[in-house]
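What follows is one structure encoded as structure tokens, with my remarks underneath.
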Amino acid sequence: ELLSDVFSCQMSNKTIANINQELAHQSEATVEKIREKALSSQVKHADETGMRIKGKTNWLHSLSTEKLTWYRVSQTRKDNEPLLSIEGTVVHDHWKPYYQLEGVKHSLFENKKANGGEKNVEWGIIFY
């Protein structure tokens, strides 16, 4: 719709899907470098959120450093296998499967309600 509205250019869903597939293929090496750097960074933040893909619940996992974020999609929330080689400190929200990661320090954070009910993030640095 955006291409049509802004540029008067019509594009089929199939064309858009083909472009997405080609760009995904071309970015594989870059995504792998981001993954490696995120896993080996001294401090990184891990999180996950549910989303629907073709009517089924999937999970978008993220691993972020100060400068980059690695995203991956999994059919299960507890999919920590790609993180088994992780090192350093992992900041997370106290979700129990993160404690299955061996050889890392854990730093926890929590969301707290501020005055007026708005959400603010407060970082609690607690290392285990």
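Overview of results
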| item | result |
| --- | --- |
| Members of the range 12-34 found to be of a type in the set (S, T, N, Q) and open to solvent by 70 Å² or more (accessible area, probe 1.4 Å), listed by number | Asn13, Asn18, Asn20, Gln21, Gln26, Thr30 |
| Complete set of residues in the range 76-97 that are within 14 Å of the chain's Cα centre (by Cα) and surrounded by 14 or more Cβ atoms within 10 Å (Cβ to Cβ) | Arg77, Asp79, Asn80, Pro82, Leu83, Val90, Val91, His92 |
| Criterion violated by Val73 - all others in (1) surrounded by 12 or more Cβ atoms within 10 Å (Cβ to Cβ); (2) assigned to a strand (DSSP E or B) satisfied | (1) |
| Contacts under 8 angstrom Cβ, first residue in the range 50-72 being without any contact (Cβ under 8 Å) to a residue 24 or more places away in the chain, partner assigned to a loop (DSSP other than H, G, I, E, B), 6 or more apart | Lys56/Gln75; Asn58/Gln75; Trp59/Gln75; Trp59/Thr76; Trp59/Arg77; Trp59/Asp79; His61/Asp79 |
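The values are calculated or read from the model by the stated rules, or taken from the named source; none is laboratory data. Here the structure is a predicted model, which means the values were calculated and not measured. Neighbour counts run over all protein chains shown; Cβ positions are idealised from the backbone, glycine included. Heads up: the accessible areas ignore ligands, DNA and RNA and are worked out on the full protein's heavy atoms, side chains in. Shrake-Rupley method; radii C 1.70, N 1.55, O 1.52, S 1.80 Å.
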